[in-house]
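Structure first, then comments.
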Amino acid sequence: MLLALLLAQRTARIVGVAPADAWNLCVIALFAGLIGSRLLLFLVNWADVVKHPLWMLGLATIHHPLLVVAGAALGGLAAFIYARRQHLALLKTADALAAPAALGMAFEQFGALLAGSGYGSGTHVPWAVVYTDPLAARWSGVTVGIPLHPVQAYATIAFLTLSILLLVLLPALRQPGDVAGVALMGLGVTVYVTEFWRDGEGRGAILHGALDGPQAAAVLLVIAGAVLLRERGAARVAAPERVEAEHG
């Protein structure tokens, strides 16, 4: 997260957003997401919180797709409120935060690989990982002693590649929102594809199992990114027409 915050200082300058505002927005969003997802964890598992408060407050930062989505939603809401109160340009700010967000997700997935969270399905590929620590099993439910796809590593590589691509695109920004649109589509594609190698336990089933929960969210991300890019493209086409009409 610190690396993502530092990167956000640089990307904010590129698009013309005050680095201090970008820093404050990221910190507010981060803490809102962490606190909000933990509160949801407590509410859903209140009986366990009462019985084992130290466990729930300490190591049991459960890595569950629902908590990730809830944390991201609360963090995004907090960021939106802060941006509106500070009168920040929303699309420029989103462009500035696109590459740092992808970088943060890359490191988050690397941490998940080390911890056994969001683990992959069984496999016999030569690069499979085998978890042996009982704590990993108690924490995330991963099966110990079984070769698994290192799907978190796949996601790490994809998110890191996306972050680099967004950094390359940022200086060539043609219209506010373009980089954010590419980021949304890239994040959606990455989540959708990597879900094929994740264990399906607790990830939900939609359309009679055709999609799981994260894949459904990924489809929405791709659609949102496409709509954002389409609107920006429409604005670029419409601008010359308006100028021509004015000087008619």
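Note that segment 118-130 has calculated 3J(HN,Hα) couplings of x, 5, x, 7, x, 7, 10, 5, x, 9, 4, 10, 10 Hz, one per residue in order, obtained from phi through the Karplus relation 6.51 cos²θ - 1.76 cosθ + 1.60 (θ = phi - 60°); glycine and proline are x.
Compactness ratio for the chain: Cα radius of gyration over 2.2 N^0.38 Å (N = residue count) comes to 1.13. Helix-only arithmetic for the chain: the sum of -39500 (n - 2.57) across DSSP H runs with n ≥ 4, divided by the residue total, places the mean residue ellipticity at 222 nm at -24000 deg cm²/dmol.
Put simply, the amide H of Arg198, placed in the peptide plane, has neighbours under 5 Å in Ser121, leaving out anything fewer than 5 places away on its chain. A Förster radius of 41 Å combined with the Cβ-Cβ distance from Trp23 to Ile157 puts the calculated FRET efficiency at roughly 0.90.
Counting pairs of alpha carbon atoms under 8 Å apart in space and at least six apart in sequence, what relative contact order in percent does segment 90-247 give? All intermediate terms of the calculation are to be shown ahead of the outcome.
Working: 221 pairs, mean separation 39.3, N = 158.
Worked out over segment 90-247, it gives 25 percent.
Tell me, what is the percent relative contact order of segment 68-178, built from C-alpha pairs under 8 Å that lie six or more residues apart? Spell out each step's value before the answer.
Working: 117 pairs, mean separation 35.8, N = 111.
Relative CO of segment 68-178 lands at 32 percent.
Can you compute the charge dipole magnitude of segment 90-247 about its Cα centre, using +1 on each Lys and Arg Cβ and -1 on each Asp and Glu Cβ, nothing else charged? Give it in debye, rounded to the nearest 20. Please list the in-between numbers first.
On the way: 9 positive and 12 negative charges, 15 e Å.
Once rounded to the nearest 20, the dipole reads 80 debye.
Residues Trp197, Trp127, arranged from fewest to most other Cβ atoms within 10 angstrom of their Cβ, appear as Trp127, Trp197.
How would you classify segment 134-209 from its alpha-carbon gyration tensor, with a ≥ b ≥ c the square roots of the eigenvalues: rounded for a/c under 1.5, else prolate if a/b is greater than b/c, otherwise oblate? The shape class here is prolate.
Every number here is computed from the coordinates shown, using simple stated rules; none is lab data. All of these numbers come straight from a predicted model, not from anything done at the bench. Note that each Cβ is placed from the backbone with ideal geometry, even for glycine, and that neighbours are counted across all protein chains shown.
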